[in-house]
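The values are calculated or read from the model by the stated rules, or taken from the named source; none is laboratory data. Fair warning: this is a prediction, and the values are worked out from it, not measured in the lab. Don't worry about glycine lacking a Cβ; one is built from the backbone with ideal geometry, like all the others, and counts go over all protein chains shown.
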Amino acid sequence: MKRRNFIRSASLGTASIASMGFSTIQESTPRPIESKYMGGFAAPAKAIIKAAFIGLGYRGNDHLRNFASLAGTEVVALCDLYQDNVAAKLATLNEIDQHQQHQKVKTYWGDENRWREMLDEVMPDVVFISTNWANHAPMAIASMEKGAHAFVEVPLATTMEDLWAIINTSEKTQKHCMMLENVNYGRDELLFLNLCRNGYIGELLHAEAAYIHELRWQMKEEERGTGSWRTHHYAHGRGNLYPTHGLGPVAQYMNLARGEDTFKSLVSFSSPAKGRSLYAKENFSAEHKWNQLDFVNGDLNTSLVKTHLGRTIMIQWDETSPRPYTRHNLVQGTLGTLAGFPTRVARQGGVEGITKDHHRWVEGEQMQLLYEKHDHPLYTRLNTATKKSGHGGMDGIMMYRIVECLQKGEALDQNVYEGALWSAVGPLSALSIAQEGMPQRFPDFTRGGWENTTPLDIVN
């Protein structure tokens, strides 16, 4: 595919950009001489990976269990606000430590800044960060500055300033900062990646991604848990607050920011904000703190991305409405379409041995034939060992690949720029909504490096 020329730098002034229908956002500055582009970066191989964990709630617990179960790993520190969380996870660690790998674990709790003390004292190789969103950037930056690779729950950060700070720190320190987008390792997502790489649906034209997950029940986590801090984002944020679960896989299908194409611009609109305030009135007293909030963010956000090759991606987010869970996950090409929830395939000329044309989906039990023929080799290799690791096995495959890449000295499956670009949908959608749907240009976090970045391989 012949690429269009990509404008590497902000050569247009404010007035010029405005005249094109784009509002201005923070643009990149030249990369400092002492910094290095991190696309395709591989850290020196390390046989034993020493890890510290900050945040030991739901996601932190999963990451801890999955990491600690792998050969060549050592947990050196656990940190959380609450002592009971630390104690419980230390007990869990002792239960699964069959090979005496995790015998020198330091524990930290109580003060909101104990994690800084932890970084000074234990000097881990990697830090897993599973905290509230506001802490993602400062913890990742500090971890890299202390010599550790940072692995951060989604989103990578919530502001453009923080995303740039993460990238600049990663480039300066030569440390990985990977967002823990586990959905890229789901069976169907890996299947679709394999099919796209093999040209099964031709040239890719359009994708649809979503995170539709009713989470109003989290508001009952009033003092501890995700709802205690996440609820405030529905009142103070706008746009798509959680874009990466759906976007990550389709971005990798399309090789965005990896040699072939990249993000260009976004427009965004949200529905009226109704569901959160209704839920608060129905479930809490009039004096309750949730009923003192003005839930301004729309219940459903729809954002449309345009790439430099002219492809389109629709991204939807809704954590409020009473509807079944879906990540949607659709990619359309010149020869057919792959779609999720439910998983189904349509192809020009039909799907081999099943359909005769593209007017009928292959789905349900018929999909088994496609799985048998086209399952991603990574899923085939790891499915048995990881199926109980969380989210249908995707959590375990993700952690296995992180450890495997670090031990072999190979590039990670997701680089820092991908995490930043996928997360950037959040602040860009907020800007677009504030400006009545005005297009917002994605910054080039890679500073032109994307053009020479190798697409993600089909790893065996």
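Only one of T343, T320 is surrounded by 15 or more Cβ atoms within 10 Å (Cβ to Cβ), modelled with pLDDT of 95 or more, under 26 Å from K373 (Cβ atoms) and not basic (K, R). Can you tell me which?
T343
Of the numbered conditions (1) surrounded by fewer than 24 Cβ atoms within 10 Å (Cβ to Cβ); (2) in contact with a strand residue (DSSP E or B) (Cβ under 9 Å, 6 or more places away or on another chain), S429 satisfies every one except a single condition; which is it?
(1)
Each row is one residue, and each column tells you yes or no for (1) over 18 Å from the mean Cα position of the chain (by Cα); (2) modelled with pLDDT of 95 or more; (3) among the aliphatic types (A, V, I, L, M).
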| position | (1), (2), (3) |
| --- | --- |
| E112 | yes, no, no |
| W115 | yes, yes, no |
| L119 | yes, yes, yes |
| V122 | yes, yes, yes |
| K146 | yes, yes, no |
| L163 | no, yes, yes |
| I167 | no, yes, yes |
| T173 | yes, yes, no |
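With respect to G409, determine if the residue is among the small types (G, A, S), surrounded by fewer than 22 Cβ atoms within 10 Å (Cβ to Cβ) and modelled with pLDDT of 95 or more.
Here the answer is yes, as G409 does meet what is asked.
Given the criterion polar (S, T, N, Q) and closer than 30 Å to L193 by Cα, identify the matching residue among N283, N255, N297, N291.
N255
Looking at R238, R230, R216, which is the one that is modelled with pLDDT under 95 and buried (at least 18 other Cβ atoms within 10 Å of the Cβ)?
R238
I'd like to check something: does the stretch 276-283 contain any residue that is among the basic types (K, R), in a helix (DSSP H, G or I), out of contact with any Cys (no Cβ under 8 Å at 6 or more places or on another chain) and surrounded by fewer than 14 Cβ atoms within 10 Å (Cβ to Cβ)?
Yes, there is a match, as at least one residue in the stretch 276-283 is among the basic types (K, R), in a helix (DSSP H, G or I), out of contact with any Cys (no Cβ under 8 Å at 6 or more places or on another chain) and surrounded by fewer than 14 Cβ atoms within 10 Å (Cβ to Cβ).
Within the stretch 347-393, restricting attention to residues that are touching a Lys or Arg at 6+ places or on another chain (Cβ under 7 Å) and without any contact (Cβ under 8 Å) to a residue 40 or more places away in the chain, which residue is surrounded by the fewest Cβ atoms within 10 Å (Cβ to Cβ)?
It comes out as E363.
Name the single residue, out of those in the stretch 39-84 being assigned to a loop (DSSP other than H, G, I, E, B) and aromatic (F, W, Y), that is nearest to M398 (Cα to Cα).
F41
Quick one: would you say R187 is basic (K, R) and under 24 Å from D261 (Cα atoms)?
Against the criterion (basic (K, R) and under 24 Å from D261 (Cα atoms)), R187 does not qualify.
Listed here are the residues, each with its yes/no results for (1) surrounded by fewer than 19 Cβ atoms within 10 Å (Cβ to Cβ); (2) without any contact (Cβ under 8 Å) to a residue 24 or more places away in the chain; (3) farther than 24 Å from K172 by Cα.
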{"position": "I48", "(1), (2), (3)": "yes, no, yes"}
{"position": "R59", "(1), (2), (3)": "no, no, yes"}
{"position": "E74", "(1), (2), (3)": "yes, no, yes"}
{"position": "D80", "(1), (2), (3)": "no, no, yes"}
{"position": "D84", "(1), (2), (3)": "yes, yes, yes"}
{"position": "D97", "(1), (2), (3)": "yes, no, yes"}
{"position": "V127", "(1), (2), (3)": "no, no, no"}
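Output the number of residues of the stretch 323-337 satisfying the condition of being within 21 Å of the chain's Cα centre (by Cα) and surrounded by 14 or more Cβ atoms within 10 Å (Cβ to Cβ).
Counting residues in the stretch 323-337 that are within 21 Å of the chain's Cα centre (by Cα) and surrounded by 14 or more Cβ atoms within 10 Å (Cβ to Cβ) gives 6.
Pull up the stretch 114-136, narrow it to residues that are assigned to a loop (DSSP other than H, G, I, E, B) and touching a Lys or Arg at 6+ places or on another chain (Cβ under 9 Å), then point me to the one that is farthest from L156 (Cα to Cα).
M123
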